[in-house]
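A quick write-up on the structure given underneath.
The values are calculated or read from the model by the stated rules, or taken from the named source; none is laboratory data. Just so you know, these numbers come straight off a predicted model, no measurement behind them. So basically every Cβ, Gly included, is an ideal-geometry build from the backbone, and we count neighbours across all protein chains shown. Side chains included, ligands, DNA and RNA excluded: accessible areas come from the protein's heavy atoms. Shrake-Rupley method; radii C 1.70, N 1.55, O 1.52, S 1.80 Å.
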Amino acid sequence: QVQLVESGGGLVQAGGSLRLSCAASGRPFSNYVMGWFRQPPGEEREFVAAISGGGDITNSADAVKGRFTISRDNAKSTAYLKMNSLRPEDTDIYYCAASVLITTMTGGASNYWGQGTQVTVPS
């Protein structure tokens, strides 16, 4: 089992920045692809970004390319999502995820999930 705990969400004005963190425990952190998803109210959870176990491969959704950056620190068993140039449409609950395969995440699924953290960008 892998336990994931997100932090760093909050309210930020349009154009501002936030950094989400995801602390993992339970299994060797570097064995897992780490990723972020978000879920608008009443909609399906959608893929945001993923990073391979070694940190050398990343993938992100078109909607966030050039604005959001995923990274990880394997020594700290923590993944991050730096969000710049935030827009009102980025308002969602953001979920950290861990999976064995990056293709699982880019396909919209994951093996493990955090509890979510709210990001709000007022219009």
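Number of residues in the range 1-27 that are touching a strand residue (DSSP E or B) at 6+ places or on another chain (Cβ under 8 Å), open to solvent by 40 Å² or more (accessible area, probe 1.4 Å) and either touching a residue at least 40 places away in the same chain (Cβ under 8 Å) or polar (S, T, N, Q) (or both) equals 9.
Within the range 43-81, if we keep just the residues that are exposed (fewer than 15 other Cβ atoms within 10 Å of the Cβ) and part of a strand (DSSP E or B), the residue that is modelled with the highest pLDDT turns out to be D73.
Screening S85, S99 for residues that are among the hydroxyl-bearing types (S, T, Y), surrounded by fewer than 22 Cβ atoms within 10 Å (Cβ to Cβ) and under 26 Å from S123 (Cβ atoms) leaves exactly one candidate, S85.
Just the residues that are farther than 26 Å from S123 by Cβ and either more than 14 Å from the chain's Cα centre (by Cα) or among the aliphatic types (A, V, I, L, M) (or both), please, taken from the range 56-72. Listed by number, the residues that qualify are D56, I57. Would you call M34 at pLDDT below 95, surrounded by 16 or more Cβ atoms within 10 Å (Cβ to Cβ) and not in a loop (DSSP other than H, G, I, E, B)? Taking the combined requirement at face value, the residue does not satisfy it.
For the range 108-119, the set of residues classified as open to solvent by 70 Å² or more (accessible area, probe 1.4 Å) and not polar (S, T, N, Q) consists of W113 only.
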